[in-house]
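The values are calculated or read from the model by the stated rules, or taken from the named source; none is laboratory data. Here the structure is a predicted model, which means the values were calculated and not measured. Here the Cβ positions follow ideal geometry from the backbone for every residue, glycine too, while neighbour counts run over all protein chains shown. For the accessible areas, the whole protein counts, side chains as well, though only heavy atoms, and no ligand, DNA or RNA atoms are used. Shrake-Rupley method; radii C 1.70, N 1.55, O 1.52, S 1.80 Å.
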Amino acid sequence: MLNNPSRLGIFVFYDPQGIVDDYVIHLMESLRPHFTRIVTVSNTKVDHTAKERLEKYSDDLIVRENRGLDAAAFKDCLVSYCGWKEVSRYDEVVLFNDTFFGPILSFEDMFLEMNQKDIDFWGMSAGYHSHDGWNKVKYGYMPDHIQTFFVAFREKMVCSEEFQSYWNSYDETLNDFVSIVSQHEVVMTKHFQDLGFRWAIYANTDHYRSKHRSENFNLFYCHPHTMIRDMKFPVFKKKTLNINIADQLNKQDLESSADAMHYIHAETEYDTKMIWDNVLRLYNVADLYHSLHLNYVLPSIPVELPVHRQAALVYRISNLFFAEQLCKHASQISSLIDVYIIPEEKSIRQRLEEILKTNDRFSLLESSNQQTEMGGFLLCCKELAKKYDYLGYIHDAVNPEHYPTSVIESSVYGSLQNIANDPAYVSQVLNCFEANPRLGLLGAPFPIHHHNFSNYGDGWAGYFADTKKLAKKLGLNCNLDEEKAPFFITGNFWCRTDAIRSIWEYGWDKNQFHVNAITHSCRLNEILKRFLPFAAQSQRYYSGIVMHTNYASMRLTSQQYMLTQIVGTTQTQLGCKSPSYQGYMEQLSSIRRGNNGSQFMMDLSRFSRVKRIQIYLDQNMPPWVTQRINRLYNFLRAVLVKRKR
């Protein structure tokens, strides 16, 4: 037990951009009263400003390469920089890093309680014995262990030959996450426990420990809300907002991270602005969307409009077929906010001018004919973005000649329902922005019917490289990852104009969006739709999906039906029988690879007489369609070549 102990803290900081965010300073400031000395080890280069921020609450600052990650940094500090003589002077030595936000709850209470325990080392939380999925842990399984983002060692242990020998011999050449976790983080606790040292944790999670390894799981991933609210866990781990969705669904649904964020914001004094500042700078927007399920389902119940805010709704009409319907809708919305219409053809403008003679509740914007929908938004709304705080955008940009009218009507229905169903719903959307100051974009869900279905399997649709180039061209700092498909691929949305001002400020040439340059303009159009959330992220705003309650009910029905049909078909036709999503996907992947690792080929025996394939492409066909047809062609050609052999 300890009474007013002297305490050495070794704090490892890492940021890929060398930026010290406010959450780091708040963490250090909150911990500073509990330490006699803090040595900060920066595993990344820092500029003068960042260095000053770290030094404010540090007695020493060491800057090193991120070689060996946190564990090697701890060793360097213990063995070389401080040395065992200095380290042994303190009643307690605490090794901690910056991988958590806190304090969510009091650090004072934590230190007071742990001071009373007759133990040799302790931490905030533990991982319980479980299977070694990597097959790298020397015990053949992952034993009970203190999670190493915060571990405190008492003087007796620090002065021991066993402790010093462990760190003296630690292999700092280990340089990847899996090796360090499996050979150090999950085995260190058992190593010292077997030597007779006693340990404990602060968070009361014992009742979650099962004697069966398969039943144990990482609590701060799955129950961050419960740990903070009921188990005294004083921090919120950053990894919780960057979860592996498939792994999470193998243990629970996706409620954990969102519930924790809501609780922290509503029930604690911790400023969640510090969380958003960090994760919006570093994390992928799709990860944030999935972790926090940023879907907003709103009713048509009127609420007061935000005071001192200006909002407008813009309709882009490219099909005369929808002109009457959209004008009626615009007139309805104009009772609440300003409404503008972009007519994309001369005939449409003429018809709208006729309507304006008897209905002057909206204004026409000038448009150069035949622009893509994103071209209409960027070019025609640039001046509006200077006047309004919020802009909504609805378009009907699908040519009804290509598909049955019902397909197009359903798409337009979804846009109207989810962007501006009626004035009451619009008031809900605008208040949603006001209630969530870091919310930058709300998009309508992309349609799921007819040809739209395939977009959910190929979100980037071949546009990733060009999207990344665009980000570089605009000088925007955002996390793009080809393995993480965009969730926001709609051209119908509401935006906080400040969130995407950088796009408007870029010097676009109107010819870039002219549909006569079909290949380039359509490609740029698709790139921009996927790019919008990343532009908002660069300004530290997040994006989400918005739905009217009625539409959400219909959409849930459609998705449940499709999921049932897909799962049922793969069960009966391919033999996938796993009860979990993760296992199911692994079975599908195995089928695709084949038992011998070869590419899976569908049974084309009924096409045995096919000797030649010819595909005729319309020159005006969108590039994403051309790309998928080419994939099909190459696949079929490979099958025929293989058969000939």
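Numbers below:
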quantity	calculated
All positions within region 182-197 that are on the phi < 0 side of the Ramachandran plot and out of contact with any Phe, Trp or Tyr (no Cβ under 8 Å at 6 or more places or on another chain)	Gln183, Glu185, Val186, Asp194, Leu195
Residue within region 225-242 that is within 28 Å of the chain's Cα centre (by Cα), open to solvent by 30 Å² or more (accessible area, probe 1.4 Å) and either closer than 24 Å to Gln428 by Cβ or at pLDDT below 90 (or both) present	yes
Criterion (β-branched (Val, Ile, Thr), farther than 24 Å from Leu241 by Cβ and touching a Phe, Trp or Tyr at 6+ places or on another chain (Cβ under 6 Å)) met by exactly one of Val93, Val63, Val87, Val39	Val93
Which numbered condition Glu483 misses (of (1) without any contact (Cβ under 8 Å) to a residue 12 or more places away in the chain; (2) under 15 Å from Gly375 (Cα atoms))	(2)
Lone unmet requirement of (1) hydroxyl-bearing (Ser, Thr, Tyr); (2) touching a strand residue (DSSP E or B) at 6+ places or on another chain (Cβ under 6 Å); (3) within 20 Å of Val303 (Cα to Cα); (4) open to solvent by 50 Å² or more (accessible area, probe 1.4 Å) for Ser335	(2)
Residue count for region 107-140, restricted to those that are open to solvent by 50 Å² or more (accessible area, probe 1.4 Å) and more than 27 Å from the chain's Cα centre (by Cα)	13
Ser214, sole failed condition from (1) free of Cβ contacts under 8 Å to residues at least 40 places away in the same chain; (2) polar (S, T, N, Q); (3) part of a helix (DSSP H, G or I)	(1)
Residues of region 266-278 satisfying the condition of being open to solvent by 20 Å² or more (accessible area, probe 1.4 Å), part of a helix (DSSP H, G or I) and closer than 27 Å to Gln17 by Cα	Lys273, Met274, Trp276, Asp277
Residue among Ser538, Ser553, Ser543, Ser558 that alone is among the polar types (S, T, N, Q), within 30 Å of Ser300 (Cβ to Cβ) and under 15 Å from the mean Cα position of the chain (by Cα)	Ser543
Residue identified as under 23 Å from Ile119 (Cβ atoms), of a type outside the set (A, V, I, L, M) and surrounded by fewer than 18 Cβ atoms within 10 Å (Cβ to Cβ) among Asn204, Asn216	Asn204
Residue ID - most open to solvent (accessible area, probe 1.4 Å), chosen from residues in region 399-433 that are assigned to a loop (DSSP other than H, G, I, E, B) and free of Cβ contacts under 8 Å to residues at least 60 places away in the same chain	Glu401
Residue count for region 438-457, restricted to those that are in contact (Cβ under 8 Å) with a residue 60 or more places away in the chain and not hydrophobic (A, V, I, L, M, F, W, C)	6
Checking Cys495 against (1) free of Cβ contacts under 8 Å to residues at least 60 places away in the same chain; (2) buried (at least 23 other Cβ atoms within 10 Å of the Cβ), the condition it does not meet	(1)
Top-ranked residue of region 434-465 - restricted to ones that are modelled with pLDDT under 85 and part of a loop (DSSP other than H, G, I, E, B), ranked as nearest to the chain's Cα centre (by Cα)	Gly459
Meets criteria (at pLDDT 95 or above, open to solvent by 20 Å² or more (accessible area, probe 1.4 Å) and more than 28 Å from Met28 (Cβ to Cβ)) for Asp194	yes
Inter-residue pairs, beta-carbon under 8 Å, first over 14 Å from Val567 (Cβ atoms) and of a type outside the set (Val, Ile, Thr) and in region 583-598, second at pLDDT below 80 and open to solvent by 60 Å² or more (accessible area, probe 1.4 Å), 6+ apart	Arg592/Gln599; Arg592/Phe600; Arg593/Gln599; Arg593/Phe600; Gly594/Phe600
Single residue of region 466-484 satisfying the filter (among the acidic types (Asp, Glu) and farther than 20 Å from Trp508 by Cα) that is nearest to the chain's Cα centre (by Cα)	Asp481
Residue match in region 75-87 (condition: touching a strand residue (DSSP E or B) at 6+ places or on another chain (Cβ under 6 Å), crowded, with 18+ Cβ neighbours inside 10 Å and over 17 Å from Tyr166 (Cβ atoms))	no
Residue check for Val235: in contact with a strand residue (DSSP E or B) (Cβ under 6 Å, 6 or more places away or on another chain), β-branched (Val, Ile, Thr), under 30 Å from Ile355 (Cβ atoms) and touching a residue at least 60 places away in the same chain (Cβ under 8 Å)	no
Close pairs (9 angstrom Cβ cut-off, 6 or more residues apart or separate chains): of a type in the set (D, E, K, R) in region 22-43, part of a strand (DSSP E or B) anywhere	Arg32/Gly9; Arg32/Ile38; Arg37/Arg7; Arg37/Leu8; Arg37/Gly9; Arg37/Asp60
Long-range neighbours under 7 Å by Cβ, at least six apart or interchain, first residue without any contact (Cβ under 8 Å) to a residue 12 or more places away in the chain within region 286-312, second among the hydrophobic types (A, V, I, L, M, F, W, C)	none
Helices (runs of 4 or more DSSP H) fully within region 319-396 counting 3 or more residues that are of a type outside the set (Phe, Trp, Tyr), in contact (Cβ under 8 Å) with a residue 40 or more places away in the chain and farther than 24 Å from Tyr425 by Cβ	373-380
Scan of region 21-45 for residues that are under 28 Å from the mean Cα position of the chain (by Cα), among the β-branched types (Val, Ile, Thr) and surrounded by fewer than 21 Cβ atoms within 10 Å (Cβ to Cβ), ordered by number	Ile25, Thr44
Candidates Arg281, Arg309, Arg316 - the one that is within 34 Å of the chain's Cα centre (by Cα), open to solvent by 70 Å² or more (accessible area, probe 1.4 Å) and among the charged types (D, E, K, R)	Arg309
